[in-house]
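The values are calculated or read from the model by the stated rules, or taken from the named source; none is laboratory data. Keep in mind that this is a model prediction, so the values were computed, not measured. Cβ coordinates were reconstructed from backbone atoms using ideal geometry, including for glycine residues, and neighbour counts include every protein chain displayed. The accessibility values were calculated without ligands, DNA or RNA, using every heavy atom of the protein model including side chains. Shrake-Rupley method; radii C 1.70, N 1.55, O 1.52, S 1.80 Å.
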Amino acid sequence: SQQGEEDPQALSIQEGENATMNCSYKTSINNLQWYRQNSGRGLVHLILIRSNEREKHSGRLRVTLDTSKKSSSLLITASRAADTASYFCATENYGGSQGNLIFGKGTKLSVKP
Amino acid sequence: KAGVTQTPRYLIKTRGQQVTLSCSPISGHRSVSWYQQTPGQGLQFLFEYFSETQRNKGNFPGRFSGRQFSNSRSEMNVSTLELGDSALYLCASSPTSGVVDRQFFGPGTRLTVL
């Protein structure tokens, strides 16, 4: 079953605009991670935010985490055509089995030049 | 360090055949996880190996199996292939078991079952 659910499923913006993707999850977590996947290729880790953190930055990326609402958001500022990809949030169940990430269905981002 | 490598990158098989996919983790990483990605089901966890032991298994039939060698390289095997097994198979490595840290993914093996 899916733990994280991203919203929206697809997003189309112009270069230079900001892109915001949201992720909701169901159970308590230790951390939440965001990954990027270019078409049909492997996943690239973007950022990991721990359950005791509320916000984290990495370059043009800003991730927030609201454990009370069981939600996270990924903001990409000043988007570029190279940001075109699918973005996934992933969690591990707190107290559950170790060793696996549970992914949402992803947000497909298209950045037009 | 070299990244996670997966071989082969593309594979075409027919129903009923079996297939073996290989994954070489980043040097020093002892955990290897396998995921299946399909358009319909998304990314689903298959299993994780750490120090040659299966630590965790997803909800897949017994046709899907794996193993890990002493050098941490891992293989997964799918027997009696079905059309629905067509997918991108991704492996990920990590220094430790569990997912408290980031996972490093390989480029994937694209399996097509005809």
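Considering only region B:76-109, state which residues are under 23 Å from A:I47 (Cα atoms) and among the acidic types (D, E).
Answer for region B:76-109, where residues must be under 23 Å from A:I47 (Cα atoms) and among the acidic types (D, E): just B:D101.
Has region A:1-13 got any residue that is more than 25 Å from B:G108 (Cβ to Cβ), buried (at least 16 other Cβ atoms within 10 Å of the Cβ) and under 15 Å from the mean Cα position of the chain (by Cα)?
So far as region A:1-13 goes, no, none of its residues is more than 25 Å from B:G108 (Cβ to Cβ), buried (at least 16 other Cβ atoms within 10 Å of the Cβ) and under 15 Å from the mean Cα position of the chain (by Cα).
Determine, yes or no, whether A:S86 is modelled with pLDDT of 90 or more, away from chain B (no Cβ under 11 Å) and within 15 Å of the chain's Cα centre (by Cα).
no
Take the residues in region B:1-22 that are over 18 Å from B:S72 (Cα atoms) and of a type in the set (V, I, T), then tell me which one is nearest to the other protein chains (Cβ to nearest Cβ). Show your work before the answer.
Taking region B:1-22 as the starting set, the residues that turn out to be over 18 Å from B:S72 (Cα atoms) are B:9-19.
Pick out the ones that are also of a type in the set (V, I, T) and you get B:12, B:14, B:19.
On the way: B:I12: 15, B:T14: 22, B:V19: 18 Å.
The residue in question is B:I12.
Pairs under 7 Å by beta carbon, first residue farther than 21 Å from A:N38 by Cβ in region B:79-98, partner of a type in the set (G, A, S), six or more apart or different chains?
Here the result reads B:T80/B:G16; B:L81/B:G16; B:S94/B:S31; B:P95/B:G28; B:T96/B:S31; B:S97/A:G99; B:S97/B:S31; B:G98/A:G99, each pair linking region B:79-98 to a residue that is of a type in the set (G, A, S).
If you take the residues in region B:56-76 that are in contact with a Gly (Cβ under 7 Å, 6 or more places away or on another chain) and touching a residue at least 24 places away in the same chain (Cβ under 8 Å), which one is nearest to the other protein chains (Cβ to nearest Cβ)? Outline the logic, then answer.
Step one: list which residues in region B:56-76 are in contact with a Gly (Cβ under 7 Å, 6 or more places away or on another chain), which gives B:56, B:74-76.
Filter once more, keeping what is touching a residue at least 24 places away in the same chain (Cβ under 8 Å): B:74-76.
Numbers: B:S74: 13, B:E75: 17, B:M76: 14 Å.
Applying the filter and picking the extreme gives B:S74.
How do the strands (runs of 3 or more DSSP E) wholly within region B:27-114 filter down when requiring 2 or more residues that are modelled with pLDDT of 95 or more and surrounded by 14 or more Cβ atoms within 10 Å (Cβ to Cβ): which remain? Please lay out each step first, then the result.
Working: elements: B:31-38, B:42-50, B:53-57, B:64-68, B:74-78, B:87-94, B:109-113.
The strands (runs of 3 or more DSSP E) meeting that bar are B:31-38, B:64-68, B:74-78, B:87-94, B:109-113.
I'm checking my understanding of the structure. Among residues of region A:27-64 that are within 13 Å of chain B (Cβ to nearest Cβ) and among the hydroxyl-bearing types (S, T, Y), which one is most open to solvent (accessible area, probe 1.4 Å)?
A:S39
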